[in-house]
Amino acid sequence: RQGRERLGRFAAVTHRGGDVAQFNALISAGSPSQLALRYGYTIKIAEAKKGAIDQLLGAQREAKQASNDAGMARRAADQALAAAQAAVDEAKAAKEAAERTQHELVALAAQQQEAAARAEAHRDEVMQRHEELKRESERIAAELLAGEAGPSLRPGARLLMPVRGWKSSNFGMRYDPYYHVWQLHAGVDIAAGGGEPIYAAADGQVASAGWRGGYGNYTCLNHGYVEGQRLSTCYAHQSTILVGHGQWVSRGQLIGRVGTTGASTGNHLHFEVRLDGTPVEPENWLPTCLC
């Protein structure tokens, strides 16, 4: 019975954390009082050891949690650092793009100013040529009135179509494609190939033949009087003039060839009809079919 009790105490001690040394201490006790004392010590030691182990395990768990928290904090810090770096890179790229845009705008503004200056200079030059063309037209009118009249034409007479082609611009006010201003287009434009023949619209005398500024190679013929007004026809932008000043020509006679000289944007004949030197609607004098 005494052995079984000791064995039970041994199991209890072992269950509480005792070891072989503690067990040996129990069985070597000489008396019940000594056994009880040693047993009490053993319990205290086992409890102390268990408390130390629990404390150690708790410390380990806390250390592990702290390590996990530190790892998460480190990852969060790394992510925050990466995000901050990305924001810095983006801001830097935006700043560089803004600087490039600013430089481009400055360059564009300079180009626009230069282009505006060139356009203004060109406009001044073009307007000077435009004014010269107007003065030239006035000089032509004076020359036509000063020249010989030639034979009179019967009322209602029609002129010969001076060139084979098609009408490309009407007589009247228009936005001039060359001078870029609104002005009277003093004739009718007849588009035709370069070098096509130009014929005298009626019998008459050459009042002018030569270079006339914006008109290019230009010929005017006096055809006499119609109802008290002197009738003249003029032919501009010719590539070649085939008659001379003062020469008498017949209706349908070759007097020049189509070109694009002077203030012209392509091959055509600019054909004018003038009464007392003033331009009038040519289509009132040409065949209705313009053929």
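The values are calculated or read from the model by the stated rules, or taken from the named source; none is laboratory data. This is a predicted model, so every value here is computed, not measured. Don't worry about glycine lacking a Cβ; one is built from the backbone with ideal geometry, like all the others, and counts go over all protein chains shown. We work out accessible area using only protein heavy atoms, side chains counted, and drop any ligands, DNA or RNA first. Shrake-Rupley method; radii C 1.70, N 1.55, O 1.52, S 1.80 Å.
Between residue 28 and residue 138, with labels modelled 7 Å along Cα→Cβ, what's the label distance in nm to one decimal, could you check?
With each label placed 7 Å out from Cα toward Cβ, I get 14.6 nm.
Considering the alpha-carbon set of the range 146-289 alone, what are its Rg and its Dmax in angstrom?
Spelled out, the Cα radius of gyration and Dmax of the range 146-289 are 14.0, 40 Å.
Want the number for residue 145 to residue 278: 0.36 nm per residue separation, take away the alpha-carbon distance, what's left?
On the way: separation 133, 0.36 × 133 = 47.88 nm, distance 1.00 nm.
Separation in residues times 0.36 nm, less the Cα-Cα distance, equals 46.9 nm.
Pull out the extension gain between residue 81 and residue 96, defined as 0.36 nm times the separation in residues minus the alpha carbon to alpha carbon distance; nm, one decimal.
3.2 nm
Run the reach check for residue 49 against lysines, Cα to Cα strictly under 26 Å, same-chain hits fewer than 8 apart removed. What comes back?
64
Between residue 41 and residue 124, what is the label-point separation in nm under the 7 Å Cα-to-beta-carbon projection?
The answer from the label model is 12.3 nm.
Modelling each spin label as a point 7 Å along the Cα-to-Cβ direction, I'd like the residue 170/residue 227 distance in nm, to one decimal.
Label-label distance for residue 170 and residue 227, simple model: 2.2 nm.
How would 261, 288, 101 line up by accessible area, probe 1.4 Å, largest first? List each step's numbers first, then the result.
Values: 261 35, 288 130, 101 70 Å².
So the residues, ranked largest to smallest area, are 288, 101, 261.
Please compute the net charge surrounding residue 291, taking Lys and Arg as +1 and Asp and Glu as -1 over other residues with Cβ under 13 Å from its Cβ. Let's see the in-between values first.
Values: positive: 158, 164, 167; negative: 283.
The answer is +2.
Extension gain residue 242-residue 131, at 0.36 nm per residue separation less the Cα-Cα distance, in nm? Walk me through the numbers before you get to the answer.
On the way: separation 111, 0.36 × 111 = 39.96 nm, distance 2.84 nm.
Additional length available on full extension: 37.1 nm.
Could you state the number of Å between the C-alpha centres of the range 174-228 and the range 30-63?
Cα centroid of the range 30-63 versus Cα centroid of the range 174-228: 131 Å apart.
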